[in-house]
């Protein structure tokens, strides 16, 4: 690699790294807000655990940010070089466009290799570890699901309110048991109560003292005339509040998207060896196609890093803009178009007869064809 190649390579590399970091941050923020913010506000995650979970989300963000970041970096760098007439000077010296952008294409190939690693190894392992760490942290602080001075509606079939809470001890506790139409069929009020977590069935156990229970008519809970008289108890029967909505019982279920390369290959062999019973051939074919789509999509997304970098070379030279916003817009439109086409093909996963595992390569082939056509166009000028 001569001086010119090193100059272009370093210029594009640092810009691409900055762009990938920016887009990874954009992808990271909504995931943190959606998955972790509620736990942080409830005090269920310590600062150390929160920081570790954020780091485990980074590989996921990079898998989405890498194609767009590399395209943006190429557009910004070559656009600047063209606006400064450096590309014109190079071409006047007899250097062809493919020759002067050789280092950019090498960077695109390196980006595709990095994409393969993140798609098949780093991201799947991080996703499994992320959900395992989150479940363990929430399970360790499970008592914090009950917050004081807050109406809690997250427990299926119940609404809960606690006026005061000190660790596992509760004061002025209210519990509304609801029917399928969210109508109150039983109201429990207690002066105090005790809270503990039962790991065997993943639930919180409430033991109430000095409690009053009002039971409504099951068929017509809103008919207060037929309500049963209020019954007082010194100590009530334990009430179980399921946490399955927040913490999945058992270990983390590894989705197909979270499988590593070796796990996907083993799963392909397993599904291929299964003999469907009579009448279940279509369901078996759909299961195999869903797995095949995941497998092919991981390769396809990695190749998209190179495809978008290839398109970015002639576009960056032709557009010749310094404006960051314009280059971001071009990168966003191209990447969005690629992802929309990919999502459209994935929607065919229940129709294996259309071979979506092959169609998923069409967006990449279109990008490669467009990049090759733009290259020939700009080389003639």
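The values are calculated or read from the model by the stated rules, or taken from the named source; none is laboratory data. Just so it is clear, the structure is predicted and the values come from calculations on it, not from any experiment. Neighbour counts are summed over all protein chains in view; Cβ atoms, including those assigned to glycine, are modelled from backbone coordinates with ideal geometry.
Residue check, residue 178 against (1) outside the structural domain of residue 318 (by TED's automatic domain parsing); (2) under 32 Å from the mean Cα position of the chain (by Cα); (3) surrounded by 15 or more Cβ atoms within 10 Å (Cβ to Cβ), all met but one. Which one?
Condition not satisfied by residue 178: (2).
With 104, 138, 114, 128 as the choices, which residue is more than 28 Å from residue 184 (Cβ to Cβ) and within 16 Å of the chain's Cα centre (by Cα)?
On the way: 104 fails: within 16 Å of the chain's Cα centre (by Cα); 138 fails: within 16 Å of the chain's Cα centre (by Cα); 114 fails: within 16 Å of the chain's Cα centre (by Cα).
Criteria check complete, one pass: 128.
Every residue, every condition in (1) without any contact (Cβ under 8 Å) to a residue 40 or more places away in the chain; (2) touching a strand residue (DSSP E or B) at 6+ places or on another chain (Cβ under 7 Å); (3) more than 22 Å from residue 358 (Cβ to Cβ), yes or no:
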site	(1), (2), (3)
253	yes, no, yes
262	yes, no, yes
272	yes, no, no
278	yes, no, yes
287	yes, no, no
292	no, no, no
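Checking residue 204 against (1) loosely packed, with under 13 Cβ neighbours inside 10 Å; (2) under 33 Å from the mean Cα position of the chain (by Cα): exactly one of these is not met. Which one?
Evaluating residue 204 over (1) loosely packed, with under 13 Cβ neighbours inside 10 Å; (2) under 33 Å from the mean Cα position of the chain (by Cα) leaves (1) as the failure.
Within region 179-205, can you find the residues that are touching a residue at least 60 places away in the same chain (Cβ under 8 Å) and within 15 Å of residue 162 (Cα to Cα)?
Across region 179-205, the qualifying residue is only 204.
Specify which of the listed residues (49, 20, 27) is buried (at least 17 other Cβ atoms within 10 Å of the Cβ), part of a helix (DSSP H, G or I), assigned by TED's automatic domain parsing to the domain that holds residue 368 and modelled with pLDDT under 90.
Every option except 49 fails the conditions.
Residue-by-condition table, conditions (1) touching a helix residue (DSSP H, G or I) at 6+ places or on another chain (Cβ under 8 Å); (2) part of a helix (DSSP H, G or I); (3) surrounded by fewer than 18 Cβ atoms within 10 Å (Cβ to Cβ):
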| site | (1), (2), (3) |
| --- | --- |
| 105 | yes, yes, yes |
| 108 | yes, yes, no |
| 128 | yes, yes, no |
| 131 | no, yes, no |
| 160 | no, no, no |
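Hey, any hits in region 206-213 for a residue that's outside any strand (DSSP E or B), farther than 30 Å from residue 306 by Cα and without any contact (Cβ under 8 Å) to a residue 40 or more places away in the chain? So that I can check it myself, show each step before the final result.
Step one: list which residues in region 206-213 are outside any strand (DSSP E or B), which gives none.
Checked region 206-213: no residue is outside any strand (DSSP E or B), farther than 30 Å from residue 306 by Cα and without any contact (Cβ under 8 Å) to a residue 40 or more places away in the chain.
How many residues does region 335-373 hold that are under 20 Å from the mean Cα position of the chain (by Cα) and in a helix (DSSP H, G or I)?
So the answer is 12.
Residues 162, 252: which one is closer than 22 Å to residue 39 by Cα and at pLDDT 85 or above? It would help to see each step written out before you state the result.
Working: 252 fails: at pLDDT 85 or above.
Going through 162, 252 in turn, just one is closer than 22 Å to residue 39 by Cα and at pLDDT 85 or above: 162.
Pairs under 7 Å by beta carbon, first residue closer than 21 Å to residue 140 by Cα in region 30-41, partner at pLDDT below 85, six or more apart or different chains?
Listed pairs, sorted by first residue: 36/45; 39/45; 39/138.
What about residue 119, is it part of a strand (DSSP E or B) and either surrounded by fewer than 17 Cβ atoms within 10 Å (Cβ to Cβ) or out of contact with any strand residue (DSSP E or B) (no Cβ under 6 Å at 6 or more places or on another chain) (or both)? Full working, then the answer.
Values: part of a strand (DSSP E or B): no; either surrounded by fewer than 17 Cβ atoms within 10 Å (Cβ to Cβ) or out of contact with any strand residue (DSSP E or B) (no Cβ under 6 Å at 6 or more places or on another chain) (or both): yes.
Judged against the criteria, residue 119 is not a match.
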